[in-house]
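Here's the structure we're looking at; comments come further down.
The values are calculated or read from the model by the stated rules, or taken from the named source; none is laboratory data. Predicted model, so just to flag it, every value in this text is computed and none were measured. When we count neighbours, we look across all protein chains shown, and the Cβ atoms used for this are built from the backbone with ideal geometry, even at glycine.
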Amino acid sequence: MLERTEQGFRGASLVLGMAVAPWVFVFFTGSLDARSCRPNLIPNGGVNRCANCHVNPRGGGRRTSFGQDVRDVVNGSSCAEFWEAELAALDSDGDGRTNGEELLDPLGRWERGEPQPGDDSRVTNPGVEDDPPPPLPTEFVRGDSNSSGAVDLSDGVFTLGFLFRSERAPSCLESADANGDGALDISDAVFIFLYLFAGGNEPAAPFPGCGNSGNADREDCEEFGACG
Ligand SMILES: [Ca+2]
Ligand SMILES: [Ca+2]
Ligand SMILES: [Ca+2]
C-alpha cells in the first residue's frame, strides 16, 4: 500500500515536472534572450558585452553605473532600441568622458544595424572609471613645414628661416623633415627646392595627403593645422 502511494507520488511529480519544466525554460531563456540583445543596441557594445551594464561580465546581478542609467530608459526586458543623444551625453561612471565618447558615438546617432563607429581598440567601458585611450598621433603632410595645406616655395623658405634666422619654429617638426631622414637640417629645405624645381623625389609618406609616418617613436608633431 505504502509502496503504491510512493509510486503514485513519484508519478504525479514526474507529470507535474514535465508540465512545468517548459514554462520554467521559456521564462528563463526568454528573459536571457531579452537581455542578451542589449549589447547589440549600443555602439561598439560587442567590445565589453554584458560588462557594460553588469559588474559580473557574464551578465545579470548588480549593475554598473551605466547599467543603472540604461535601466532608466529601457522598457523592462524588451529589445527595443534605447541608445540616443541623452544617454550618450551622460557620463555614467564619472570618469570625465561621456558614454558616447567612450563608445565612440559622442552624439548618440548610431542606430542598430549600422557599422560600428570608430576604431574598437579605442572603446572604453561607460560603466567603469577607466583611463582614456592614448591620444591619436597628429596627422601631417611631409614637406609642408609651415602647415599651409600645400607644399611650395614658402616651405623651403620657412625651414631655412627657422634653421638660420631663428624665426618661428614649425608647429609640427616632423612635417619639416622633408627628406624623412629623422633630422631637420638644410638638406630638408634643399629637398623641397629640388622636388619643386628640379624634378627631385617627392617627400616620403605622409604625402601628399594627411597621415602619420607609422613611426610613432620618432614622430614629433604637436600641431598641424592643415590636417585639422
Ligand atoms: Ca564615462
Ligand atoms: Ca569609462
Ligand atoms: Ca631631414
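Mind listing whichever residues of the stretch 95-132 are closer than 13 Å to S65 by Cβ and either touching a strand residue (DSSP E or B) at 6+ places or on another chain (Cβ under 7 Å) or part of a helix (DSSP H, G or I) (or both)?
The answer is N99, E102.
Any idea how many residues of the stretch 80-94 are surrounded by fewer than 19 Cβ atoms within 10 Å (Cβ to Cβ), part of a helix (DSSP H, G or I) and not small (G, A, S)?
Count: 1.
So, S213, is that one of a type in the set (G, A, S) and within 24 Å of the chain's Cα centre (by Cα) or not?
Spelling it out, S213 is indeed of a type in the set (G, A, S) and within 24 Å of the chain's Cα centre (by Cα).
For the stretch 148-183, give me each residue that is polar (S, T, N, Q), part of a loop (DSSP other than H, G, I, E, B) and within 15 Å of ligand 3 (Cβ to nearest atom). Even if it seems obvious, please write down each step before you answer.
If we filter the stretch 148-183 for residues that are polar (S, T, N, Q), which is where we start, we get 148, 154, 159, 166, 171, 175, 179.
With the extra rule that they be part of a loop (DSSP other than H, G, I, E, B), the set shrinks to 148, 166, 171, 179.
The one that is polar (S, T, N, Q), part of a loop (DSSP other than H, G, I, E, B) and within 15 Å of ligand 3 (Cβ to nearest atom): N179.
Being touching a residue at least 24 places away in the same chain (Cβ under 8 Å) and within 15 Å of ligand 2 (Cβ to nearest atom) is the filter here; which residues of the stretch 64-89 pass it?
T64, S65, F66, G67, Q68, D69, V70, listed by residue number.
Do we find a residue being under 15 Å from G228 (Cα atoms) and within 15 Å of the chain's Cα centre (by Cα) anywhere in the stretch 126-134?
no
Would you pick out the residues in the stretch 184-208 that are modelled with pLDDT under 95 and within 13 Å of ligand 3 (Cβ to nearest atom)?
Within the stretch 184-208, A204 is the sole residue that qualifies.
For the stretch 142-154, does any single residue satisfy the condition of being farther than 30 Å from L41 by Cα, at pLDDT below 95 and not assigned by TED's automatic domain parsing to the domain that holds E84? Give the derivation first.
Just the residues of the stretch 142-154 that are farther than 30 Å from L41 by Cα, to begin with: 142-154.
Filter once more, so that each one left must be at pLDDT below 95: none.
No, the stretch 142-154 contains no residue that is farther than 30 Å from L41 by Cα, at pLDDT below 95 and not assigned by TED's automatic domain parsing to the domain that holds E84.
Being in a loop (DSSP other than H, G, I, E, B) and over 17 Å from V123 (Cα atoms) is the filter here, so list the residues in the stretch 59-79 that pass it.
We begin by selecting, within the stretch 59-79, every residue in a loop (DSSP other than H, G, I, E, B); these are 59-62, 64, 74-79.
Listed by number, the residues that qualify are G59, G60, G61, R62, V74, N75, G76, S77, S78, C79.
So is S145 hydroxyl-bearing (S, T, Y), farther than 30 Å from R62 by Cα and within 13 Å of ligand 3 (Cβ to nearest atom) or not?
Taking the combined requirement at face value, the residue satisfies it.
What number of residues in the stretch 81-109 are near ligand 1 (Cβ under 7 Å from one of its atoms) and among the aromatic types (F, W, Y)?
0
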